[in-house]
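Notes to accompany the following structure.
The values are calculated or read from the model by the stated rules, or taken from the named source; none is laboratory data. Quantities reported herein were computed from a predicted structural model and do not represent experimental measurements. A quick note on method: Cβ atoms are made from the backbone with ideal geometry, for glycine too, and the neighbour counts reach across all protein chains shown.
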Amino acid sequence: MKSLKGMDMDAAAESLTQAGMSQVEADRKSGLLGVLSNTLASLSGGEARAYFVPGRIEVLGKHVDYAGGRSLTCATEQGFCVVASPRDDQGVRIIEPKRQLEASFPLDPELEPCAGDWTNYPMTVCRRIARNFPRSLPGKLRGCDIAFTSDLPQAAGLSSSSAMIVAVFMAIADVNALDQHPDYNAQIKTDLDLAGYLGAVENGLGYGSLPGDRGVGTLGGSQDHTAILCAQANALSRFSYLPVQLESRATVTRGHVFVIGVSGVHAQKTGNAQGQYNRASELASEAAEFWRSKTGRDDPHLAAAADSSPGAIARLRSVLDEAPEAVRRRGELFLDETYRIVPGACEALLAGDVAAFGELADQSQHGAETSLGNQVPQTVFLARRARELGAAAASAFGAGFGGSVWALVSQDDADRFTERWADDYQKAFPQEAPSAAFISTHAGPAAMRLSRPAR
């Protein structure tokens, strides 16, 4: 089936299945792309380009990336379907037909994003591109028309905001062939580099010689962008950060799938919720600063301090014992997730020890509840009830203060498990239940271009 010039929906579905997505989900994405293609056909006559950008599950490694830690992640089979077509001017028009969203703005280094609005994310990307790559092109930057839709639950901890940042960047970078330009190639040579850069776009930091700006207002890291860009189907990937490095991959236990319980309590990163989210990052920075003040060292973050010598982890724990209680607990949780739980979980998966993996996930969840302090009664209930219903492992994930819980369950039992989990949640939290959702996913493929005109 073909629609807009250059678009072949059947080929798009085939690309997704070849990358490891289940046939059911690939066919669903093909249908969504067809709708987007029809939407864009009335607006643009240029060659269409299609993309799929997944959400992500932070399996283990809570709030560690911005301190250089390590986490275990995978991509979801749910995500953003995007169709884009180049323009002859510097304008960017973004349309979401299902929710009837539309916005237009220029690729402009002085662009003022709208904080608290969905357009904050694409506008931040466009401003940063215009600031970082204004002179590396043979001519002016070209804008594009973008139609997108998503089957990711919103504000559910599945990283829909970072997925949008990746999607918009991929479309505009593709139209402008940024990967062929010297300023880009000097700093961004691999997908791991790109993930680090897009994390900096979101948090506003500079990346190498590419200067930063305000970002979207959150003090996060690059874990989400890394999972989205560098995932591998049917595998959990272990990454460390600052810089982004792939350490290992472990196959998801055979015959298991992830069931995600979306609590219906929105994991927002705006307003007061943004301050709560940023506090976890600030405490990690304060722990690193406390280490520097006591040792005279210049390690830039907690992981650098812990890796500074063979005995540095023990010394860091000793130093943190003298820190204010909130700083000490934050540092201890970081060390536990980064140096014990995540490596231990990988070893358990490689050994096929599902029970050990589940126990480590329980410990990570306990740390989030008692030390990180970013859990709400709804996510606590979902994690505990999942285990009681027989899930091999379960844990809340994402920014916290709402959001979702993943449960690793037997594929043969997934439907029964999901029905009971959802029913129990409805009884326990009838007010939130109408906004809750329960979806299943395999560990999916990374973001990809599904069609691209020949140059």
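For residue 449, state whether it is charged (D, E, K, R), surrounded by fewer than 20 Cβ atoms within 10 Å (Cβ to Cβ), at negative phi and touching a helix residue (DSSP H, G or I) at 6+ places or on another chain (Cβ under 9 Å). Answer is yes for this residue. Please count how many residues of region 70-96 are part of a strand (DSSP E or B) and surrounded by fewer than 24 Cβ atoms within 10 Å (Cβ to Cβ). The qualifying residues number 6. Residue check: residue 383 meets all listed conditions (1) modelled with pLDDT under 95; (2) in contact with a helix residue (DSSP H, G or I) (Cβ under 9 Å, 6 or more places away or on another chain) but one, namely (1). Which one of 342, 409 is buried (at least 18 other Cβ atoms within 10 Å of the Cβ), over 22 Å from residue 266 (Cα atoms) and in contact with a His (Cβ under 8 Å, 6 or more places away or on another chain)? Every option except 409 fails the conditions. Residues that are assigned to a helix (DSSP H, G or I), in contact (Cβ under 8 Å) with a residue 12 or more places away in the chain and in contact with a helix residue (DSSP H, G or I) (Cβ under 7 Å, 6 or more places away or on another chain) within region 363-380 comprise 363, 364, 365, 367, 371, 372, 380, listed in sequence order. If the condition is being over 19 Å from residue 361 (Cβ atoms), not in a loop (DSSP other than H, G, I, E, B) and not hydroxyl-bearing (Ser, Thr, Tyr), then region 60-69 contributes only 67. Just one of the listed residues (332, 337, 325) is surrounded by fewer than 16 Cβ atoms within 10 Å (Cβ to Cβ) and of a type in the set (D, E, K, R), namely 325. Residue 194 meets the conditions (1) surrounded by 24 or more Cβ atoms within 10 Å (Cβ to Cβ); (2) over 26 Å from residue 92 (Cβ atoms); (3) of a type in the set (A, V, I, L, M); (4) over 13 Å from the mean Cα position of the chain (by Cα) in every case but one. The failed one is (2).
When the residues of region 1-45 are filtered to those that are outside any helix (DSSP H, G or I) and not small (Gly, Ala, Ser), the one that is modelled with the highest pLDDT is 21. Scanning region 127-149 for residues that are among the aromatic types (Phe, Trp, Tyr) and either at pLDDT below 95 or in contact with a Ser or Thr (Cβ under 8 Å, 6 or more places away or on another chain) (or both) yields a single hit, 133. Given the structure, is residue 113 touching a helix residue (DSSP H, G or I) at 6+ places or on another chain (Cβ under 9 Å), crowded, with 16+ Cβ neighbours inside 10 Å and part of a loop (DSSP other than H, G, I, E, B)? Here the answer is yes, as residue 113 does meet what is asked.
If you scan region 97-110, which residues turn out to be in a loop (DSSP other than H, G, I, E, B), surrounded by 12 or more Cβ atoms within 10 Å (Cβ to Cβ) and either hydrophobic (A, V, I, L, M, F, W, C) or out of contact with any helix residue (DSSP H, G or I) (no Cβ under 9 Å at 6 or more places or on another chain) (or both)? The one that is in a loop (DSSP other than H, G, I, E, B), surrounded by 12 or more Cβ atoms within 10 Å (Cβ to Cβ) and either hydrophobic (A, V, I, L, M, F, W, C) or out of contact with any helix residue (DSSP H, G or I) (no Cβ under 9 Å at 6 or more places or on another chain) (or both): 107. What about residue 238, is it on the phi < 0 side of the Ramachandran plot and surrounded by fewer than 22 Cβ atoms within 10 Å (Cβ to Cβ)? It is false that residue 238 is on the phi < 0 side of the Ramachandran plot and surrounded by fewer than 22 Cβ atoms within 10 Å (Cβ to Cβ). Every condition in (1) within 20 Å of residue 66 (Cα to Cα); (2) modelled with pLDDT under 95; (3) assigned to a helix (DSSP H, G or I); (4) not basic (Lys, Arg) holds for residue 183 except the one numbered (1).
The residues in region 392-406 that are surrounded by fewer than 24 Cβ atoms within 10 Å (Cβ to Cβ) and at pLDDT 95 or above can be counted, and the count is 1.
Considering only region 89-108, I want to know if a residue exists there that is among the β-branched types (Val, Ile, Thr) and closer than 30 Å to residue 238 by Cβ. Within region 89-108 (the criterion being among the β-branched types (Val, Ile, Thr) and closer than 30 Å to residue 238 by Cβ), the answer is no, since none of the residues qualifies. Pairs are defined by a Cβ separation below 9 Å, a sequence spacing of at least 6 or placement on different chains, a first member in region 106-122 that is over 22 Å from residue 275 (Cα atoms) and in contact (Cβ under 8 Å) with a residue 40 or more places away in the chain, and a second member that is of a type in the set (A, V, I, L, M, F, W, C) and surrounded by 18 or more Cβ atoms within 10 Å (Cβ to Cβ); the pairs so defined are 107/92; 107/126; 107/129; 107/130; 107/141; 107/172.
Picking from 390, 352, which residue would you name as being under 18 Å from residue 422 (Cβ atoms), assigned to a loop (DSSP other than H, G, I, E, B) and of a type outside the set (Asp, Glu)?
Exactly one of 390, 352 is under 18 Å from residue 422 (Cβ atoms), assigned to a loop (DSSP other than H, G, I, E, B) and of a type outside the set (Asp, Glu), namely 390.
Filtering region 346-363 for residues that are of a type outside the set (Asp, Glu), under 26 Å from the mean Cα position of the chain (by Cα), surrounded by 19 or more Cβ atoms within 10 Å (Cβ to Cβ) and under 18 Å from residue 241 (Cα atoms) leaves a non-empty set. Just to be sure before I move on: is residue 50 in contact with a strand residue (DSSP E or B) (Cβ under 9 Å, 6 or more places away or on another chain), of a type outside the set (D, E, K, R) and surrounded by fewer than 24 Cβ atoms within 10 Å (Cβ to Cβ) in the structure I sent? When the stated conditions are applied, residue 50 does not pass them.
Considering only region 120-132, I want to know if a residue exists there that is crowded, with 17+ Cβ neighbours inside 10 Å and assigned to a loop (DSSP other than H, G, I, E, B). Within region 120-132, none of the residues are crowded, with 17+ Cβ neighbours inside 10 Å and assigned to a loop (DSSP other than H, G, I, E, B).
For region 150-166, check the following and say yes or no: at least one residue is at pLDDT 95 or above, in contact with a Ser or Thr (Cβ under 7 Å, 6 or more places away or on another chain) and not in a helix (DSSP H, G or I). Yes - at least one qualifying residue is present in region 150-166.
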